[in-house]
Each structure stands twice: as structure tokens, then as C-alpha cells.
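*Asks:* The structure's right below; bear with me while I get my questions together.
The values are calculated or read from the model by the stated rules, or taken from the named source; none is laboratory data. These numbers come from a predicted model, not from an experiment. Cβ coordinates were reconstructed from backbone atoms using ideal geometry, including for glycine residues, and neighbour counts include every protein chain displayed.
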Amino acid sequence: MRESAGSEQGDIGVWLRESLPGLIDECQVPGAAVAVRAGGRYVEAAAGVLSTGTGVRATVDSLFQIGSITKVVTATLVMQLVEEGLLDLDLPVVDVLPEFRIADAEAGRRVTPRRLLSHTAGFEGDIFTDTGKGDDCLERYVGVLRDVPQLFPPGEMFSYNNAGYCLLGRIVEVLRKQPFDVCARRYVFGPLGMSHTASDPYEAIVHRTAVGHVGEPLEPTPVWALARSNAPAGSMLAMSARDLLAFAGMHLAGGTGPDGGRLLRPETVRAMQQPHVTQPDIEQGAAWGLGWELFDLSGPTVVGHDGNTIGQSAFLRLVPERDIAVAVLTNGGLSRRLQARITERVLGDLAGITPPAPSVPDRDAPVPHASRYTGTYTSSTARTTVSQDAAGRLWLERQPLGVAADLDEPSYRTELVGLRGDTVIPVEAERGSHAPLAFLGDDGHGRASYLHNGRAERRTP
């Protein structure tokens with residue numbers, strides 16, 4: 001444990017040092033690293049092992065994959081281009097990438113960088129096709145999207161989109177004339193002194209690096225990372241918790257790095273943290289900005305991002321008004337439960353923020369419009385069937401497809417009960433949490449058009 005802090009941070013440091021080993025045991029997390037920043041000072045802690053196969057201990061300088069938190073790095077690179085006058089967020093993507101096509105050609109011409117940044121482009125976003133390990137992988141990935149279906153008109157609503165961030169990464173490459181990972185190191189990691197950051201397994205191997213854990217019982221995953229072609233969306237990047245907070249600290253400091261160098265203008269940093277689209281009522285966040293997720297909590301504004309890769313999960317929360325950030329990096333188990341316990345304590349003690357208690361299912365709560373929800377909903381990674389039994393109870397069955405099936409994601413079956421409006425909640429927990437689902441739209445026959453779990457799954461006719 002290292003710390004450099006005032007009294008409140010010192011108390012947090014003591015609590016982390018004493019509590020983290022017990023918390024990871026309680027949450028069945030093999031290993032974790034945590035860093036907290038307040039007022040430019042830091043506390044750090046680590047506990048557990050990087051791999052149950054090797055028994056190597058987790059330390060504060062260990063690297064964990066940060067998954068989709070990478071998207072904020074990608075957004076930062078994009079906004080640097082905007083500041084330099086090289087990119088307009090509201091002009092079509094095809095102006096920069098004329099080869100970009102999706103199945104709905106007209107919708108494709110309406111996709112802009114702003115819509116990609118805010119997850120409102122509307123096309124199927126979970127495209128994880130491996131286009132090789134070469135520097136041309138993102139260029140080749142753009143061609144893979146030609147047959148990707150449009151789920152809704154661009155700008156109509158939010159639906160989390162990994163493919164959109166791969167496109168943004170390719171825009172960075174084209175305008176910088178360098179591979180994405182080179183751009184990230186040159187324009188972000190280097191200026192911020194992030195010495196414990198790896199863009200791929202070749203860089204990660206020289207550090208103490210975590211391995212993800214999957215299955216029951218948890219075992220080290222045989223695959224460390226997803227395809228390089230998805231790197232701008234979060235398939236590769238690994239770093240220490242302290243390095244992640246070095247990046248977060250730049251955003252807290254209005255775009256200024258630790259040596260006083262400016263990576264972004266203050267007005268750009270603020271624009272990234274402003275809501276661009278509201279999220280459905282599924283308790284994942286209130287809105288989305290340009291790269292950042294905005295959380296609806298009591299007190300000051302909280303922004304952040306989560307990241308999930310193969311058996312690893314990462315969490316980042318910032319309170320810009322209070323110059324506070326917390327990063328939680330894990331390599332398996334009930335990671336969301338661990339993050340909630342740590343974030344609640346840190347934000348409560350340092351910022352006076354009380355996160356709302358997550359909803360829990362009431363097994364007797366009726367689902368008023370069950371017939372509107374029944375049917376099959378599909379995406380590139382899952383087929384979800386919602387049915388009603390003879391007793392009127394509503395059931396959900398999800399079967400993994402594509403890359404999710406290839407990675408042996410388990411199928412999932414649960415009863416659904418009412419929560420509020422068109423939002424329901426599963427009775428059976430998944431990965432330790434009960435994540436609400438929303439049914440949106442109307443297909444013209446009184447039935448919902450979409451099942452929304454952060455991604456819009458479209459009803460199958």
C-alpha cells in the first residue's frame with residue numbers, strides 16, 4: 001500500500017489496506033488493484049493473485065486490462081483532432097472514411113463522429129471480427145461492416161456500440177497517418193508519464209500482468225485478449241490503477257498533464273462530460289456524453305466508464321467538481337459487487353455522495369404488459385426469447401451467439417418481474433447482480449420493438 005494524502009484519504013487508505021483482502025474473498029475475485037485520487041494526491045492498494053494458475057501476487061504496479069474504458073482514451077484522441085481543426089464532429093464519417101459502408105446505405109451516410117462517440121449511430125455494434133494482428137487491421141475492419149444491419153435511425157436513441165469506436169480509431173489513424181496504438185502512446189500515454197501501460201500482450205509480458213478468470217469454479221482463461229482490430233473499443237489495453245488515474249487526472253485538471261502540458265482545452269473536457277443522449281431506465285447510468293457515461297447520483301456530477309474483457313473487469317469513476325477519482329481493476333468473480341462496495345465508501349467519505357441502492361426483484365411484482373414483451377430479440381452476440389407461461393409468469397432465455405458462444409459464455413434463464421413502467425428486473429442474478437431490462441418502441445402490433453439492456457436488441461419478426 002502506498003499513500004500520499006490528507007486525513008480523509010489516509011482513512012480511505014487504511015480502510016483499503018485492511019478491507020481489500022476480505023472484500024475480494026467475499027466477492028470471489030482472484031485479484032484486484034485499487035487507486036484513489038483526491039486533490040492531486042493518491043492512495044493505492046492491491047490484494048489477491050494475478051492468476052490462480054501461477055499464484056503470482058497482485059501488486060499496485062500490476063497491469064489489468066481496462067476493457068471499454070479504452071473508449072475514453074479513443075474519445076480523447078478524437079477530440080484532440082477536433083481542437084486541431086482536422087475533424088468536424090457533425091460531418092459524415094464517409095468524409096474521412098469514404099470506404100465506410102453498412103447495410104443501410106442511407107443511414108450510413110448520416111453517421112457522424114458525434115453519433116459514434118455518444119453511441120447513437122444506430123447500427124449493430126457488437127462486431128468482433130478478427131482482421132489480423134498487422135497495422136492494417138482497423139483498415140480491414142471497416143470493410144467487415146458492409147453487411148451490418150441498422151437497428152434504428154441514426155440519432156434516435158442510445159445503444160452501446162463497440163464497432164463505432166473501432167471506426168473512431170480508424171479515423172485517428174487516417175488523420176494522424178500512424179497506427180492507433182502509436183497515436184495513443186504519442187498523444188496520451190507518453191505526455192502523461194504512463195509507464196505501466198501496455199497496448200498489446202507483447203508490451204504486457206514485461207510487467208506483472210493479470211490473467212482473466214472465467215467459469216465455475218473460476219479458472220484462468222486460455223485466451224488473454226480479443227482481436228487487435230477492436231483495440232480502440234477496448235480489446236487490448238492494460239495498465240496499472242495508478243496509470244489509469246493519471247489519465248483520469250488529466251480530465252479532472254481540465255486537460256492539463258502533470259508537467260503542465262495541455263492535452264485538451266478545458267471547454268473540450270467539459271463538452272465531453274455533458275449529456276448528449278439519455279439512457280433507458282435500466283440503472284446503468286443517466287446519460288452519455290462524448291466518451292463518458294454520466295451517472296445519476298446524489299450530489300455532484302459523477303462521470304466514468306466500465307470495461308469488461310475475457311474474465312477481467314475494470315471500473316473508473318470521476319467527480320470533476322471535487323477532483324476525485326477511483327479506479328477498481330479486477331480479474332474475475334463478482335467484480336461489480338466489489339466495485340460497488342469500494343466506490344460507495346470512497347465517494348461517500350470523500351465527496352459526500354450516496355449511490356442509490358440497486359433495485360432488487362420482488363417475486364410477487366406483476367408485469368402489467370407482459371403480452372407486449374413476449375417474442376424473440378436478436379443481436380450479433382445473443383438470441384433472447386421472452387415467453388409467458390400458463391400461470392402468466394414472464395420468462396427470459398438468452399442463448400449466446402457469435403463471439404460470445406465462441407468464448408463459452410453461459411446461457412441464461414430467469415423469471416422477469418415488474419419494476420416500473422416498461423422496465424422489468426430478473427429474479428435470478430447474473431454475475432452477482434440483477435440488471436433491469438427495458439422494452440421500448442412499438443412494432444405496429446402493440447408489441448415492443450426492442451429489448452434494451454444497454455444495447456438495443458431488435459424484435460425478430
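*Asks:* So E397 fits all but one of (1) surrounded by 16 or more Cβ atoms within 10 Å (Cβ to Cβ); (2) touching a Lys or Arg at 6+ places or on another chain (Cβ under 6 Å); what number is the exception?
*Replies:* Of the numbered conditions (1) surrounded by 16 or more Cβ atoms within 10 Å (Cβ to Cβ); (2) touching a Lys or Arg at 6+ places or on another chain (Cβ under 6 Å), the odd one out for E397 is (1).
*Asks:* If you don't mind, another one. From the list D136, D126, pick out the single residue that is of a type outside the set (S, T, Y) and either in the same structural domain as A405 (by TED's automatic domain parsing) or touching a residue at least 24 places away in the same chain (Cβ under 8 Å) (or both).
*Replies:* Going through D136, D126 in turn, just one is of a type outside the set (S, T, Y) and either in the same structural domain as A405 (by TED's automatic domain parsing) or touching a residue at least 24 places away in the same chain (Cβ under 8 Å) (or both): D126.
*Asks:* Sort out which residues of region 74-92 are surrounded by fewer than 18 Cβ atoms within 10 Å (Cβ to Cβ) and either within 15 Å of H251 (Cα to Cα) or among the charged types (D, E, K, R) (or both), and write them in order of number.
*Replies:* Hits for region 74-92 are E83, E84, D88, D90.
*Asks:* It is to be established whether one or more residues within region 103-113 are surrounded by 17 or more Cβ atoms within 10 Å (Cβ to Cβ), in contact with a Ser or Thr (Cβ under 9 Å, 6 or more places away or on another chain) and aliphatic (A, V, I, L, M).
*Replies:* no
Residue by residue, here is whether (1) of a type in the set (D, E, K, R); (2) touching a Lys or Arg at 6+ places or on another chain (Cβ under 6 Å); (3) touching a residue at least 60 places away in the same chain (Cβ under 8 Å); (4) under 19 Å from R455 (Cβ atoms) holds:
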| site | (1), (2), (3), (4) |
| --- | --- |
| E216 | yes, no, no, no |
| G257 | no, no, yes, no |
| R262 | yes, no, no, no |
| Q273 | no, no, no, no |
| A286 | no, no, no, yes |
| G289 | no, no, yes, yes |
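*Asks:* Of all residues in region 346-364, how many are of a type in the set (G, A, S), free of Cβ contacts under 8 Å to residues at least 60 places away in the same chain and either within 18 Å of S433 (Cβ to Cβ) or exposed (fewer than 12 other Cβ atoms within 10 Å of the Cβ) (or both)? Let's see the steps before the verdict.
*Replies:* Start the filter on region 346-364 by keeping residues that are of a type in the set (G, A, S), which leaves 348, 351-352, 357, 359.
With the extra rule that they be free of Cβ contacts under 8 Å to residues at least 60 places away in the same chain, the set shrinks to 348, 351-352, 357.
Add one more test, that the residue is either within 18 Å of S433 (Cβ to Cβ) or exposed (fewer than 12 other Cβ atoms within 10 Å of the Cβ) (or both), and what stays is 357.
Number of matching residues: 1.
*Asks:* Mind listing whichever residues of region 335-357 are under 29 Å from D422 (Cα atoms), in a loop (DSSP other than H, G, I, E, B) and either modelled with pLDDT of 95 or more or among the small types (G, A, S) (or both)?
*Replies:* Scanning region 335-357 gives a single hit, A357.
*Asks:* Looking at (1) assigned to a helix (DSSP H, G or I); (2) surrounded by fewer than 23 Cβ atoms within 10 Å (Cβ to Cβ); (3) touching a Gly at 6+ places or on another chain (Cβ under 6 Å), which one does W15 not meet, given that it meets all the others?
*Replies:* Of everything listed in (1) assigned to a helix (DSSP H, G or I); (2) surrounded by fewer than 23 Cβ atoms within 10 Å (Cβ to Cβ); (3) touching a Gly at 6+ places or on another chain (Cβ under 6 Å), W15 misses just condition (3).
*Asks:* Moving on to the next point. Tell me which of these T74 doesn't satisfy, since it passes every other one: (1) in a helix (DSSP H, G or I); (2) touching a residue at least 60 places away in the same chain (Cβ under 8 Å); (3) more than 22 Å from I310 (Cβ to Cβ); (4) of a type outside the set (G, A, S).
*Replies:* Tallying (1) in a helix (DSSP H, G or I); (2) touching a residue at least 60 places away in the same chain (Cβ under 8 Å); (3) more than 22 Å from I310 (Cβ to Cβ); (4) of a type outside the set (G, A, S), T74 fails exactly one: (3).
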